[in-house]
Ligand SMILES: [Zn+2]
């Protein structure tokens, strides 16, 4: 925000307390919308108790009492009566993968039985040419009626003619069939690659593959090509779905050339209904292109902006492959690191020298320690403002790690819907360890502006489910995971708004309903801060507005 604007805003907010000012004659023009009578959570301490606000263009013009704001009403101003409704700033998601699910080329296997997955794969194989991959996505190994995971044999039973890959919704593991192993030339005796694993039982491949082992299949067979139009339409549909959940801003935490094209195409067509922070994936053409073109973190506008460059240093929380100092319950499996300490050092140095912010995926305590070492080293003689390095997920912490996250000004982005949604998986971590996972309470207590993060598709993106999850830490079966990490609904709402804006250096633009900021807001039929915490996720999102324009209506 420039100096002039800040001055004008100060004048505006000061004038708010003076009733009777003829705003429409002030030369600023009348607001197009005024919202009155709301149970309003502005998330700005200066505007506690306000019930109304005015919107002009894509900005909040004023916030105050009904009578103060109604004074601004001019010809053509639309007044929305929000009595008995709750209004909050638009929700922000600081880590997501909006284009990861693509129904155009892959079967959505988010179903509750293995036999249903088999039907879907058989159907997908029918419309796939020979030699081409048959793909499934949104697989979840812990949610089947059969009480077990999908395996190679299950897929072989229905598809033998094509290589098949069923990707876990977490993105770090998949289950493949025998044809896929044949294509890659892998059998029960093949050694695991560095940073990856072909899972076996009694020497036989189970079909489950993880991390760099999964990546190897990219090099064999015919993979589907998705055209530009399909990608653009995918952005449109996903942004509509996210708007319906109350999101106004999200993040692509592994951006590629194709997704950048899709966002810019959707934006120019006027059909992108969220603001997007684009984190280029380090191992992608787009990162190289951006470096060459001097498009650094921060480049762009309030609809599409370049964020931190994204690296991946270990496995997954929900798929149980993250690298920890203690093994998964009842095993001697410590998880998988996908970057060595040396690789992390050079990744950080290289990104910093190119003017990029950094976000490194690190779930396990061992990996988080490695990443912090690299951040501490990079900050030793740092000039200028703190770069707000990020640790993506930052799932398993301890007191030492929290201290170092605070002292480096690092922003953690722990999963916000996982405690609730992925309950079954936490059995593999055990109750004591869960007291240190997705440590929202510990981060807040240490004064760390922890960011809101769904990691969709691995996690659901719905912010109201996120608030419920962070408040209750209770899964769908009523089990509580890490109760010491519970936070209040107000703290959770602040994470999903104010802290989300801070995580992308946009706290002057959004995150609270403050005069001068973007008019991104949500209308709810109940107050998440004043309702049964077990019912927060069921609150109806009545409407969502992005820059003053309605993007969702229930
Ligand atoms: Zn992610």
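Please arrange 162, 168 by how many other C-beta atoms lie within 10 Å of their C-beta, fewest to most.
Numbers: 162 24, 168 27.
The most exposed by this proxy come first: 162, 168.
Annotation for residue 257 and residue 289: the two label points, set 7 Å from Cα along the Cα-Cβ direction, are 0.6 nm apart.
If R₀ is 30 angstrom, what is the calculated FRET efficiency for the pair residue 200 and residue 143, using the beta carbon separation as r and rounding to 0.05?
Numbers: r = 24 Å, r/R0 = 0.80.
With R0 = 30 Å, the Cβ-Cβ based efficiency is 0.80.
Shape of segment 362-516 from the C-alpha gyration tensor: oblate (a/c of 1.5 or more and a/b not above b/c, with a ≥ b ≥ c the square roots of its eigenvalues). Give the shape of segment 280-431 as rounded, prolate or oblate, defined through the alpha-carbon gyration tensor: a ≥ b ≥ c are the square roots of its eigenvalues, a/c under 1.5 means rounded, and otherwise the shape is prolate if a/b is larger than b/c and oblate if not. Prolate, since a/c reaches 1.5 and a/b exceeds b/c. Taking the C-alpha atoms only, the angle from helix 114-126 to the longest principal axis of the chain is near 90 degrees.
By count of other Cβ within 10 Å, fewest leading, how are 227, 285 ordered?
On the way: 227 10, 285 13.
By the 10 Å Cβ count, ascending, the order reads 227, 285.
Computed on segment 350-406, with alpha-carbon pairs under 8 angstrom and 6+ residues apart, the relative contact order is 49 percent.
By how many degrees, 0 to 90 and rounded to 10, does the Cα axis of helix 399-408 deviate from the longest principal axis of the chain? Once rounded, one gets 50 degrees.
Between segment 333-390 and segment 52-124, the C-alpha centres lie 33 angstrom from each other. Helix 463-472 and the longest principal axis of the Cα set of the chain meet at an angle near 80°.
Ignoring everything except DSSP H segments at least 4 long, calculate the 222 nm mean residue ellipticity for the chain; use -39,500 (n - 2.57) per segment, divide by total residues, nearest 500. Spell out each step's value before the answer.
Details: 18 runs with 157 residues, N = 554.
Here the helix-only value at 222 nm equals -8000 deg cm²/dmol.
Going by neighbour counts of Cβ atoms within 10 Å, the residues 290, 138 line up, fewest first, as 138, 290. With the Cα gyration tensor of the chain giving a ≥ b ≥ c as the square roots of its eigenvalues, does the rule (a/c under 1.5 for rounded; else a/b larger than b/c for prolate; else oblate) give rounded, prolate or oblate? Judged from the Cα gyration tensor, the chain comes out prolate (a/c at least 1.5, a/b above b/c). Separation of segment 225-275 from segment 472-500 is 28 Å, based on Cα centroids. Per residue, the average separation of C-alpha pairs within less than 8 Å and at least 6 apart gives segment 286-511 a relative contact order of 15 percent. Beta-bridge orientation, segment 286-511: approximately 25 percent antiparallel, per DSSP, counting only bridges with both partners inside.
For the chain, averaging the sequence separation of C-alpha pairs within contact (under 8 Å, six or more residues apart) and dividing by the residue count gives a relative contact order of 16 percent.
Quick note: the coordinates plus some simple rules give every number you see, no bench work behind them. Given the structure is predicted, the values throughout are model-derived calculations rather than measurements. All Cβ positions, glycine included, derive from the backbone under ideal geometry; neighbour counts span all protein chains shown.
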